[in-house]
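Here, each number is a calculation from the coordinates, and none is a lab measurement. The shown structure was predicted, so the numbers you read here are calculated from the model rather than taken from an experiment. So basically every Cβ, Gly included, is an ideal-geometry build from the backbone, and we count neighbours across all protein chains shown.
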Amino acid sequence: MKNLSVFSFVIALLSFIHVYGQTSNQAFFYSATFTPDSTNITIKGTDYMVLWAGDNNSVFESYYGYQLDSFQTAASSKSNNPKEVNMDAILNTVISMKKPSYKYRIHKSWKDEQITFYQNLFFDNYVYSQPLKMNGWKIEKEFKDVLGFKCQKASIAYAGRNFIAWFTEEIPMSDGPYVFNGLPGLILEVKDTQSQYSFELVGIQNTAVEMDERVLPKTIALSKNQFFLTKKALYKDVRKALLGKPAGSASDESIRMVQERYDKSNNPLELVVDK
C-alpha cells in the first residue's frame, strides 16, 4: 500500500472506557461539499471528514467534531481541580475551533453486516441501523489518477440520487465515505451527478483511535424511516422542537433566525428513504 502523507495531524485521544477494542489502524481524510438549499444551489457547505478504518469496522465522522470532542474531554478531565481550569481560555478556544457541518457518526461492521448511524438533533441523540451491503454498483472501464492512486469508475443509484465513485484496488478495502461501500477497493471520490454532494480524499495517516468510543450517549433508537420523519418534523417547527428544552425560552427573534436556517436545510443527501 502506498504511504501518502498530505497533512500532519495531532490526534488527542479520548479518555473513555474501552469496551471492545475495535481500534483503527488508518485514517482517511476527505473534503466534503454539499448544497443545503435546493432553492439556491450556488451556496455550498463544507466539512472535513475522517474515515477511521480497522480490520472489521470503520467509523465516518466530521474531523472538526472529533477535535472538538477531544478538546472538551481533555478540558473536563481537569475540572476536578478548579485551580487548574482557566474557563476564559477554554471558552475562547472552543469558540475559535471550527465546527462540524455534519453531526452524524456512521459505524460500519463487516462482522454484523450492518451500518449504525448516530446523529444529534437539537438536544437529543438518535440512532438507527441499516444493512451494510450496497447492491447495484456498475463498474466501468474508465480510469483516472487520484492522489497517485490508479482509480476505476463506478456508478450507483442510491436514496434518490445517482452517484459516481472512483475506487482503487491499491487500497484493498471495500469501504468509503458516508455509507458507501461494496467495491473491490477503497472509494477515494464519490459525488452525485448533480454535483450537490461530494467527498474527495485529501490525505491518509496511520492512526489508532478506539472506534467504539465514537458513539453518542443516551440515544433514542428509531427505524431509519422514523428518524428521517422525526428530523423533518423538528426542522419544520423549531419552536415546537425546543419546548421543554434548555433553549425553550429563547426570544421570538432568535427562534425566527434559527427557523430560517433550518428552512434552508431542505436538500438532504438521501432524498428517498426506505421504510
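Odds and ends about this structure:
- Mean Cβ neighbour count within 10 Å, used as a protection proxy, ranking 30-37, 266-273 highest first: 30-37, 266-273
- Relative protection proxy for 128-139, 157-168, from highest mean packing down: 157-168, 128-139 (other beta-carbon atoms within 10 angstrom).
- A simple count of charges around Ile115, restricted to other residues whose Cβ falls under 15 Å of its Cβ and scoring Lys, Arg +1 and Asp, Glu -1, yields 0.
- Close amide-amide hydrogen proximity is noted between Ile171 and Leu186, each under 5 Å apart and 5 or more residues distant or on a separate chain (H modeled in the peptide plane; Pro and chain starts excluded).
- Environment charge at Glu213 (Cβ cut-off 11 Å; Lys +1, Arg +1, Asp -1, Glu -1): -1
- Full-stretch length increase - Ala208, Asp55 - with 0.36 nm per residue and alpha-carbon distance subtracted: 53.9 nm
- Descending by average beta-carbon neighbour count within 10 Å, the peptides 38-44, 143-149, 198-204 line up as 198-204, 143-149, 38-44, the highest first.
- Label-to-label distance, nm, for residues given as Leu121 and Asp274 (7 Å Cα→Cβ offset): 2.0
- Cut-off 10 Å between beta-carbons: net charge of the residues surrounding Thr33, Lys and Arg +1, Asp and Glu -1: 0
- Across Lys138/Lys224; Lys98/Lys191; Lys218/Lys264; Lys141/Lys191; Lys108/Lys224, pairs whose alpha-carbon gap is larger than 20 Å: Lys138/Lys224; Lys98/Lys191; Lys218/Lys264
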